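Reading through the structure tokens given below for one structure.
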Amino acid sequence: MLPQRLGKEHITKTISSKPFSSTVKFVNRKQVVDAFSRYRHRLHMGNEYVMGGTYPGDVTLIKRSQTTSPDYRLSEVCEGHVNVINVDADHRSIIVGENAQLVADVIKTMT
């Protein structure tokens, strides 16, 4: 169960705070409340999800190099080999330039 502090009252209080409102630009308050609500819903789904078994095949994970998790615990839920490819990038920079080419090359070898 998610903490109550992630409820609508907390969301409204957070988006009204000066540090948040001065660093994040949205068109209007409703967009911010909607974005937080969707995020809260995703957290709740992840918290409640129970796997029905393990994945029988191999998995390739392309991830940011600067993370504390070696494979995001995929080896616990995959029966096959977990191939980890580290990239010096974040969520945005992984899809542009040389990083995007690296991801494309990895995908090409898998098909």
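Taken together, the values in this text are just the output of simple stated rules run on the coordinates, not laboratory data. Since we're looking at a predicted model, the values are computed, not measured. With ideal geometry, Cβ positions are generated from the backbone for all residues, glycine too; neighbour counts draw on all protein chains shown.
Brief remarks on what is shown
- The calculated FRET efficiency for the pair D58 and S93, based on their C-beta separation and a Förster distance of 25 Å, comes to about 0.40.
- With N as its number of residues, the stretch 37-111 has a Cα radius of gyration that, divided by 2.2 N^0.38 Å, comes to 1.29.
- Taking the Cα centre of the stretch 59-110 as origin and assigning +1 to Lys and Arg Cβ atoms and -1 to Asp and Glu Cβ atoms, the resulting dipole is close to 100 debye.
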